[in-house]
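Shown next, in structure tokens, is the structure this report addresses.
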Amino acid sequence: MSKYVIGLDYGSDSARAVVVDAITGAEMASSVKYYPRWMEGKYCDPIANQYRQHPLDYIEVLEYTVKDALSKCPAGTAEKVVGMAFDTTGSTPVFTDKEGTPLALLPEFAENPNAMFVLWKDHTAIKEANEINELAAKWDIDYTSYEGGIYSSEWFWAKALHVLRADESIRKAGYSLVEHCDWLPGLLVGKTKPEEICRSRCASGHKAMWLEKWGGLPAEEFLVALDPVLAGYRAKLYTDTCPSDKKTGTLTEEWAKRLGLTTKVAVAVGAFDCHMGAVGAEVKPGALVRVIGTSTCDIMVASHEEMGDKLIPGICGQVDGSVIPGLVGLEAGQSAFGDIYAWFKRVVAWPIENIVAKSTLIDEETKQKLIQESLDAIIPALSIEAMKVPVSESTIIATDWMNGRRTPDANQMLKGTITGLSLGTTAPLMFRALVEATAFGSKAIVDRFIENGVEIKEIIGIGGIALKSPFVMQTLADVLNMPIKVAKAEQACAFGASMFAAVVAGVYAKVEDAQAAMGMGFAAEFYPNAENHKLYLDIYHKYVQIGKFTEENLFC
């Protein structure tokens, strides 16, 4: 008898649902929808690094994508769906009331950005992150030690503290907090109260300084010493956490009806997108999975024997069971990757959007078509021309810190730099330098793992850039001097979520079994050019020197 599962992936701009045959791994259908309020630019202030998302965006795209994907499947598929699982961006927390309702869903907070989910890329909490690091360094327990030793403004406690300090109304109404990846499963199974929600091992361990051996979250005394506004929150959060092979419940009657499913559908504990994406890409010990999108997230798993007592400095955490239960999950990443290319596109597109758009020489319909055609062609055209430039003539050097640095050694105060410009510099040359900068940032991460005794046998790329940009992937292979496989699954994160859904539905006993049965394999492989790698070693050395100067003298 056929059994189907649904994997739901909530990214930065949109969400997607994938209906998968749990036995064969075949994708039956998928659907993608952008968050409507987010696409209007609501509740965000890029200049202030504020990025907030309304919970209604999450609910509306959930209903649309699930029903739309099911509508593309053969008749009778919905009745045979046995499991669902969510992955989301993170850390993306929100303040709730006692019932676990995000404050933005209450009428009085409907338009208050501080009552909404604070997206991972929101960097308004840099000051708070620095304070956490300073206090942790002198506390008797270093609560950051399993999170790379440096707490980031992208993470749970820094964001919570910033919002509490910034908004008295949230201080008065807020009862607890919940991560996006915990709230969605809880909503669907009717467990939204803070005391009822199954909290993600992935989210809590990597972003909230949770560790079983010190009793869960940081001690109340630590939090109060950080700021008295945090008093009492620890008790209203959680002590225990669960990996994503655990069922949080089954669909309520309301949500079964809203989604067109049955109440027998098992729902898994949630996790972050890149961690489930790594599972979808068939991660195993020795493999580094690079989830390449607006930013990157680098995921590995290692046995407890390999890790021993090692604590890897400057990464985004090492957490037991955060990726695959029974193995230590390791996370690193870059705060901007595709976002850097998108930024450069906006720069070179300025005349198109601001001068051509006002032209009276052509009719409005033709003008709009011309503008859209030009915008769509910018990155492909830049890639073609940049690819023609020999590495030996690549004399512009950039750093990849346009959105700060996530790893190694988080520092969100940093800004990007470009040097080596001349009157002969062209847009393709600058674009090539930016692509190389993202590859150099990747090398710094790989080197940090290897320097600390973590073996990397292969690299796997997933995400839109991995599938669609041979230039970026070849540059990455040349810089790293390693072959890079590209996962075939176009929606690898949602596909990984579907594997967890199959486990909690009882189709498979463990995640590795689901990977073996449902894995889609790889679409391509990029091999390094030895000569290019030699040349890149010298350029990388200059990248490191420029980065050090930038950090010590410009944005310290």
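The values are calculated or read from the model by the stated rules, or taken from the named source; none is laboratory data. Predicted model only: the values in this text are computed from it and were never measured. Reconstructed Cβ throughout: ideal geometry from the backbone, glycine too, with neighbour counts over all protein chains shown.
Quick notes on this one:
- Selection count where residues are among the aromatic types (Phe, Trp, Tyr), modelled with pLDDT under 95 and more than 13 Å from the chain's Cα centre (by Cα), scope segment 113-128: 0
- If only residues of segment 314-335 that are closer than 22 Å to THR438 by Cβ and touching a Pro at 6+ places or on another chain (Cβ under 8 Å) are counted, the one that is surrounded by the most Cβ atoms within 10 Å (Cβ to Cβ) is ILE315.
- Pairing each residue of segment 376-404 that is under 25 Å from LYS415 (Cα atoms) with any residue that is of a type in the set (Lys, Arg) and in a strand (DSSP E or B), provided the two are 6+ apart or on different chains, yields C-beta distances under 9 Å for THR399/ARG405.
- Top-ranked residue in segment 11-36 [being within 22 Å of GLY186 (Cβ to Cβ) and among the charged types (D, E, K, R); ranked as surrounded by the most Cβ atoms within 10 Å (Cβ to Cβ)]: ARG16
- Search result, residues across segment 205-238 that are under 20 Å from GLY329 (Cα atoms) and either of a type in the set (Val, Ile, Thr) or in contact with a Lys or Arg (Cβ under 7 Å, 6 or more places away or on another chain) (or both): LEU217
- THR96, sole failed condition from (1) farther than 25 Å from VAL291 by Cβ; (2) touching a Leu at 6+ places or on another chain (Cβ under 7 Å); (3) surrounded by fewer than 24 Cβ atoms within 10 Å (Cβ to Cβ): (3)
- Test: residue in segment 228-236 that is assigned by TED's automatic domain parsing to the domain that holds THR144 and either among the hydroxyl-bearing types (Ser, Thr, Tyr) or touching a His at 6+ places or on another chain (Cβ under 8 Å) (or both): yes
- Residues that are at pLDDT 95 or above, part of a helix (DSSP H, G or I), over 26 Å from the mean Cα position of the chain (by Cα) and hydrophobic (A, V, I, L, M, F, W, C) within segment 194-222 comprise just one, PHE222.
- Identification of helices (runs of 4 or more DSSP H) wholly contained in segment 470-556 with 2 or more residues that are surrounded by fewer than 20 Cβ atoms within 10 Å (Cβ to Cβ) and free of Cβ contacts under 8 Å to residues at least 24 places away in the same chain yields 511-518, 530-549.
- The selection criterion, being within 26 Å of GLN50 (Cβ to Cβ), buried (at least 19 other Cβ atoms within 10 Å of the Cβ) and acidic (Asp, Glu), does not hold for GLU168.
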